[in-house]
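So the structure is just underneath, and the comments pick up after that.
Each reported figure results from applying straightforward, stated rules to the coordinates on display, with no laboratory input. Please read these numbers as outputs of a predicted model, since none were measured by experiment. Using ideal geometry, Cβ is built from the backbone for each residue, glycine included, and neighbour counts are taken over all protein chains shown.
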Amino acid sequence: MTFAEIGCGVYRDGKRLATRDQSQSTSEAGEFRTWDPHHSKLAALILKGFMPPITDSSLVLYLGAAAGSTASHVSDIARRGLVYALEFSPRVMKNLISVCESRPNMIPIFADANHPETYSHLVDEVDIIYQDIAQRNQAEIALKNVKCFLKDEGYLILMIKARSIDTIANTREIFGKEVEKLQEGVSVLETVKLPQYRDHLAVIARK
């Protein structure tokens, strides 16, 4: 592979992205792990030209970590930091725990992102909140967590899933309302449509 670093621990070879594996289970420390934009919205966002402000020492709260695939790439980047990986589905939580077992900088949390008070004793203030969940009140959930955990000048990266909010309304209207709600608590810097994901909008904001 001829991957070249494009910033913040992310590597690229043509249309392929990768991070350097920081898990304890790999046979060779630092070997490249390909990062599929068709299975990771954050990878798709990077291919659109947005480099997430994640450093090797960032503290990240990942809301909606699922089985931990994208979160594990975040942990590769924040190798000296910490990733709080929160998930509410018992079905995938077992897989998430398995991923975290080989990654000392990933902490699995089984909780509902709509109730940050239930895990506030587990999470410190963070530099970045990344949210990718399928609940109806996505902007409201993001702002609750911003208020509880995001440092001043910290970043929110929110993947709005329009059809999880309303199955029939115009997606542009849904996106507009969610972005308007977000502006009550954060400054929206940029919105990006992801060609790999229909009815999704990436929002980058700052506290």
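Key figures
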item: Calculated [θ] (222 nm, deg cm²/dmol) that DSSP helices of n ≥ 4 give over the chain, each run adding -39,500 (n - 2.57); result: -7500 deg cm²/dmol
item: Percent RCO, i.e. relative contact order, over the chain, from Cα pairs under 8 Å lying at least 6 residues apart; result: 16
item: Ratio Rg/Rh, restricted to the chain and using Cα atoms, in which Rh is the Kirkwood radius; result: 0.94
item: Isotropic mean projected area of the C-alpha convex hull, region 31-90 (nm²); result: 4.4
item: By average C-beta atoms within 10 angstrom, highest first, the peptides 67-75, 94-102; result: 67-75, 94-102
item: Ascending count of other beta-carbon atoms within 10 Å, so fewest first, for 152, 112; result: 152, 112
item: Amide H contacts under 5 Å for residue 17, placed H, 5+ residues apart; result: 35
item: Projected label distance in nm at residue 151 and residue 207, using a 7 Å step from Cα toward the beta-carbon; result: 1.0
item: Lysines whose Cα lies under 19 Å from that of residue 41, excluding same-chain neighbours fewer than 8 positions away; result: 15, 161, 193
item: Relative contact order (percent, whole number), region 23-83, Cα cutoff 8 Å, 6+ residue spacing; result: 31
item: Long-range Cα-Cα pairs in region 1-56 (distance over 18 Å), rounded percent; result: 29
item: Under the Karplus curve 6.51 cos²θ - 1.76 cosθ + 1.60, θ = phi - 60°, whole-Hz ³J(HN,Hα) for region 149-154, x wherever Gly or Pro sits; result: 10, 7, 5, 4, 6, x
item: Per-pair calculated FRET efficiency, R0 = 30 Å: residue 124 and residue 180 via Cβ, rounded to 0.05; result: 0.50
